[in-house]
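One structure is given here, and the rest of the page talks about it.
The values are calculated or read from the model by the stated rules, or taken from the named source; none is laboratory data. Quantities reported herein were computed from a predicted structural model and do not represent experimental measurements. Note: ideal-geometry Cβ built from the backbone for every residue, glycine included; neighbour counts use all protein chains shown.
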Amino acid sequence: MTARNAMTGVIRKICLCCQGGSPKFVRECGHVQCPLHSCRMIEDGEDAALQNCIAAFCLACAGSPEAVADCSADIPIGAQPPCPAHSFRMPEETPLPQLVRPLPGLGAACEQGAKSGSRKDGNFVGPDGMPQVPAALNQLRHEQLAAIIPGRAPEALDI
């Protein structure tokens, strides 16, 4: 919610700066080619839509994706204030879940993952057809492995 409010505030600041600080001129803005034109008056919007507007504005300002990444407009120059869009210029990437392949020969876990191919039970099948499972073992599987080799500590079986 705060990021959403922050993004609408950033868009509003940029539009006010462009129109000489006049809210009336922002409302009557005729720059329909501006990437921020469609979202200049919204109070609340989807994060992805607002992020796309800001990213398109930064691309139009900088000229290339490399220039957007290297943008130094967060530093004020003379009387020019720092760009309010600078911290939102590049969308945050969501981390992908880490998947690992089970070691060959672990038996039922390997075969079950290859047969299911679904995400319901937590097993995934990779593009090469090999089963993949989430990096963390579930507790039941952990106890089963500990029972196989009773002389070893369960922690030693975490691979």
| query | Is it the case that region 56-64 has a residue that's modelled with pLDDT under 90 and more than 18 Å from CYS83 (Cα to Cα)? | reply | no
Apart from one, (1) under 22 Å from the mean Cα position of the chain (by Cα); (2) part of a loop (DSSP other than H, G, I, E, B) all hold for ALA55; the odd one out is (2)
| message | Looking at the structure I just gave you, is MET7 on the phi < 0 side of the Ramachandran plot and touching an Asp or Glu at 6+ places or on another chain (Cβ under 8 Å)? | response | yes
